[in-house]
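The values are calculated or read from the model by the stated rules, or taken from the named source; none is laboratory data. No experiment lies behind these values; they were computed from the predicted model shown. Here Cβ is always computed from backbone atoms with ideal geometry, including for glycine, and neighbour counts include all displayed protein chains.
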Amino acid sequence: MSGKNREVAGAVAAAVAASVARWRRDPTALLQMLREVQESVDWISPEVIHLLTDELHLPRSKIEGVAGFYSFLYTRPHGRYRVLFADNIIERMQGCVALMERMCSSLWVEPGKVSEDGLVSVGTTSCIGMGDQGPALLVNNFVIPRLTEARIDTLCELIRAEVPLEAWPPELFMVEDNIRQTGILLDSELAPGDALRAARARAGHDGLEASNTRSWREGLPSGLLGPAAVIDEIRRSGLRGRGGAGFSTALKWDACRNAAVSEGREKIVVCNADEGEPGTFKDRVLLARHADLVIEGMTIAAYAVGATRGFIYLRGEYRYLLDALNGVLARRREAGVLGRGILGIAGADFDIEIHLGAGAYVCGEESALIESLEGKRGTPRNRPPFPVTNGYLDQPTIVNNVETFAAAALIALNGGDWYAGIGTRQSAGTKILSVSGDCERPGIYEYPFGVSVRQVLDDCGARATQAVQVSGPSGICIAPAEFDRVIGFEDIPTAGAFTIFDNSRDMFEVARIYVHFFQHESCGFCTPCRVGTSLLRNLMDKLHNGHGSPYDFAEIEKLNQLLQSMSHCGLGHTACNPVLDTIARFRPAYDRRMEHDDFSPAFDLDRALAPARQMTGRDDAAAHIITESSGEGA
């Protein structure tokens, strides 16, 4: 072995040993170890897998399976600088394609490949939560927003000079909050421990203080004192999950509270901060600006259900927030509002650790998220059983959204009746919207439930709006005649995305890009979704390429029925939504692609020969296959 090879092998061994020790040789932290080792040595080499196999006593196949599942992990060299441009409909509207071409041309690298010198790779990924300040990219999983041609040129110079990432100008990495309208959450100035002390008082004199003789986990048997009183306030508030599904928070917490726990086991609280829905970035701002509020809500939940351990599952695209969030956790432990003996009460123990995702949209689904927390591939589970009884490591677990926990903290502080008085009868409280697209003031807007779509459009400076996609591609696309509809569970529920398209946009292309997103993000576990999303993508591309016919619309309807009835999880159930909504509301955009009355095959020989023409530098008539569909050349 050469000296350089020995040096590389030593660095790999040191990185693996450090990460394994940091995570206590816990196999459930496999994803975290893989991520950390890659940050140190650039990729997951066979040697890394071999060392982890020995250290964790796991089958090699399992480690390889996990490493191959997540798009931010690389089992082949991808360069010291791994650049991923956000590539979704918002960034495309902002010009990401041309900027990526500029970088590839400057660095002499093909899209999706590694440069010949092994220094850099340039590719694409899905939405990275920067729709309000795109185009944006990730370099080694750190965000660089607000891209311009000048910024791209600067990045290329830094990469060519092999400047270490930590020495790059800090202003390149500056992420703005862009808070445009505030409400009870975004205006909150809650100090660490305020909500916990209020919960103790609300639970009665014998509430938390009785934990001096009983563990937090055991709680109290007496009426609506203690944890029962906290859950009752959540019930009175009408709080529903803010991740999109809108399930009753009190019902979930109560079920977990009453779930049996065997000896040596514990209950778990999980904060789902894996907001991967294209166009959503509200959780990014809450965690950056109001992390204490979110963590306080998690601690309230732990008291309510009797949990002693918590996780924040932070999406990999928000790697830049990790150190700051760990700092918040450390400060709260020092202040006695997290960890052992919270508020000085013996037995009131609850602590949180952060697990970072690695690029898998499906992990936003709670059971897939739990699988990932356990160090596995993020494959959704069959249900029942549900996480409230059989969640993390088969223990009772509640999984709530970042915004849900923030609201829970305010409810503990101010009471359920106060919260129920905000919003509408069926949708209590406020909703934070991530507004992006064709408007003057993209960013974060907080409204009481019941606000109309038209009001949001007016506030953000939208003009000549043709459509609004609410709740991302899995949500609903509405046209101008529906702009007086309201945001709320009784009308348009949403996880938070609010994407605006003006009259210059082609709604067919919007739907086609969303379909490509679903196909790319399918975990591949179930055949209906794995194959169905691919077939749907192919049909949309067929229309795009000029081979559309009524037959294709019939096939799209068949695929919708198949995906909705047979898919394993919500990804497949909603994959057809963008197509069906745009067909129903913007049919002319599809009719323009109806170039054939009868079935036309998707394959176009002339189009297939385009790469050969490019390589040979020929584009004359003799280099084309003249067909009825291709006309006089491609």
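For residues that are at positive phi and under 23 Å from the mean Cα position of the chain (by Cα), scanning just the stretch 223-264, find the one that is surrounded by the most Cβ atoms within 10 Å (Cβ to Cβ). So, considering only residues that are at positive phi and under 23 Å from the mean Cα position of the chain (by Cα), the one surrounded by the most Cβ atoms within 10 Å (Cβ to Cβ) is G244. Pairs linking a residue in the stretch 294-307 that is surrounded by fewer than 24 Cβ atoms within 10 Å (Cβ to Cβ) to a residue that is assigned to a helix (DSSP H, G or I) and aliphatic (A, V, I, L, M), with Cβ atoms under 7 Å and 6 or more positions apart or on different chains, do not occur. Taking the stated definitions as given, is F508 more than 30 Å from A273 (Cα to Cα), among the aromatic types (F, W, Y), crowded, with 19+ Cβ neighbours inside 10 Å and within 25 Å of the chain's Cα centre (by Cα)? It is true that F508 is more than 30 Å from A273 (Cα to Cα), among the aromatic types (F, W, Y), crowded, with 19+ Cβ neighbours inside 10 Å and within 25 Å of the chain's Cα centre (by Cα). Within the stretch 63-88, track down each residue that is in a helix (DSSP H, G or I) and touching a helix residue (DSSP H, G or I) at 6+ places or on another chain (Cβ under 8 Å). If the condition is that a residue be in a helix (DSSP H, G or I) and touching a helix residue (DSSP H, G or I) at 6+ places or on another chain (Cβ under 8 Å), then I63, E64, V66, A67 are the ones that fit.
Of all the numbered requirements in (1) more than 27 Å from G437 (Cβ to Cβ); (2) modelled with pLDDT of 85 or more; (3) assigned to a helix (DSSP H, G or I), R607 misses one, and that requirement is (2). The residue list R537, R592, R530, R607 contains one member that is closer than 22 Å to E91 by Cα and among the basic types (K, R), which is R537.
Given the criterion among the small types (G, A, S) and closer than 30 Å to S427 by Cα, identify the matching residue among A495, A602, A589, A554. Let's see the steps before the verdict.
On the way: A602 fails: closer than 30 Å to S427 by Cα; A589 fails: closer than 30 Å to S427 by Cα; A554 fails: closer than 30 Å to S427 by Cα.
After ruling out the rest, the residue left standing is A495.
Tell me the residue from F508, F501 that is assigned to a strand (DSSP E or B) and not polar (S, T, N, Q), please.
Answer to the check: F501.
Hand me the list of helices (runs of 4 or more DSSP H) wholly inside the stretch 344-440 holding 3 or more residues that are closer than 19 Å to C256 by Cβ, of a type outside the set (S, T, Y) and touching a residue at least 40 places away in the same chain (Cβ under 8 Å).
Numbers: elements: 366-373, 402-414, 416-420.
Filter on the stretch 344-440 gives 366-373, 402-414.
Kindly indicate whether A348 is of a type outside the set (V, I, T), closer than 17 Å to F405 by Cβ and crowded, with 24+ Cβ neighbours inside 10 Å. Spelling it out, it is not the case that A348 is of a type outside the set (V, I, T), closer than 17 Å to F405 by Cβ and crowded, with 24+ Cβ neighbours inside 10 Å. Filter the stretch 70-124 down to residues that are among the charged types (D, E, K, R) and within 23 Å of the chain's Cα centre (by Cα) and give me whichever is surrounded by the fewest Cβ atoms within 10 Å (Cβ to Cβ). Among those that are among the charged types (D, E, K, R) and within 23 Å of the chain's Cα centre (by Cα), it is R92.
Report yes if R537 is surrounded by 12 or more Cβ atoms within 10 Å (Cβ to Cβ), farther than 30 Å from N382 by Cα and modelled with pLDDT of 85 or more, otherwise no.
On the way: surrounded by 12 or more Cβ atoms within 10 Å (Cβ to Cβ): yes; farther than 30 Å from N382 by Cα: no; modelled with pLDDT of 85 or more: yes.
For R537, the condition - surrounded by 12 or more Cβ atoms within 10 Å (Cβ to Cβ), farther than 30 Å from N382 by Cα and modelled with pLDDT of 85 or more - is not met.
Hey, can you tell me all the residues within the stretch 125-150 that are over 22 Å from P164 (Cα atoms) and surrounded by fewer than 24 Cβ atoms within 10 Å (Cβ to Cβ)? Residues satisfying the conditions are T125, S126, Q133.
If you go through the stretch 468-479 one residue at a time, do you hit one that is at positive phi, touching an Asp or Glu at 6+ places or on another chain (Cβ under 9 Å) and not assigned by TED's automatic domain parsing to the domain that holds T404? Give the derivation first.
Our first condition is that a residue be at positive phi; within the stretch 468-479, this holds for 471-472.
Remaining after also requiring touching an Asp or Glu at 6+ places or on another chain (Cβ under 9 Å): 471-472.
Right, trim to not assigned by TED's automatic domain parsing to the domain that holds T404 and you get 471-472.
Yes, there is a match, as at least one residue in the stretch 468-479 is at positive phi, touching an Asp or Glu at 6+ places or on another chain (Cβ under 9 Å) and not assigned by TED's automatic domain parsing to the domain that holds T404.
Being in contact with a Gly (Cβ under 9 Å, 6 or more places away or on another chain), surrounded by 17 or more Cβ atoms within 10 Å (Cβ to Cβ) and aliphatic (A, V, I, L, M) is a description that applies to V451. The numbered conditions (1) within 20 Å of E509 (Cα to Cα); (2) under 27 Å from the mean Cα position of the chain (by Cα); (3) at pLDDT below 85 are all true for A602 except (2). Going through (1) at pLDDT 70 or above; (2) farther than 25 Å from A288 by Cβ; (3) of a type outside the set (S, T, Y); (4) crowded, with 16+ Cβ neighbours inside 10 Å one by one, A210 falls short only on (1).
Taken over the stretch 108-143, residues that are in contact with a Cys (Cβ under 7 Å, 6 or more places away or on another chain) and among the acidic types (D, E) amount to 1. Those residues that are among the hydroxyl-bearing types (S, T, Y) and within 27 Å of N401 (Cα to Cα), I need them from the stretch 485-513; list them, please. Passing the criteria: T494, T499. Set side by side, the residues L536, L559 differ, and just one is farther than 18 Å from V362 by Cα, touching a residue at least 40 places away in the same chain (Cβ under 8 Å) and either assigned to a helix (DSSP H, G or I) or out of contact with any Ser or Thr (no Cβ under 9 Å at 6 or more places or on another chain) (or both), which is L536. Starting from the stretch 178-204, take each residue that is within 24 Å of G131 (Cα to Cα) and touching a residue at least 24 places away in the same chain (Cβ under 8 Å) and list its partners that are hydroxyl-bearing (S, T, Y) and buried (at least 17 other Cβ atoms within 10 Å of the Cβ), counting only C-beta distances under 6 angstrom and pairs at least six apart or across chains. Pairs that qualify, where the first residue is within 24 Å of G131 (Cα to Cα) and touching a residue at least 24 places away in the same chain (Cβ under 8 Å) and the partner is hydroxyl-bearing (S, T, Y) and buried (at least 17 other Cβ atoms within 10 Å of the Cβ), are R180/Y445; Q181/Y445; G183/T430; I184/T430. Scanning the stretch 512-533 for residues that are in a helix (DSSP H, G or I) and either aromatic (F, W, Y) or in the same structural domain as D87 (by TED's automatic domain parsing) (or both) yields a count of 3.
Where residues in the stretch 564-587 are aliphatic (A, V, I, L, M) and modelled with pLDDT of 85 or more, which of them is nearest to A368 (Cα to Cα)?
Residues of the stretch 564-587 that are aliphatic (A, V, I, L, M), as a first pass: 566, 571, 575, 579-580, 583-584.
Filter once more, keeping what is modelled with pLDDT of 85 or more: 575, 579-580, 583-584.
Working: A575: 17, V579: 26, L580: 27, I583: 31, A584: 32 Å.
The qualifying residue nearest to A368 (Cα to Cα) is A575.
Checking every residue in the stretch 163-173 against the condition of being of a type in the set (V, I, T), buried (at least 16 other Cβ atoms within 10 Å of the Cβ) and not assigned by TED's automatic domain parsing to the domain that holds G336 gives zero matches.
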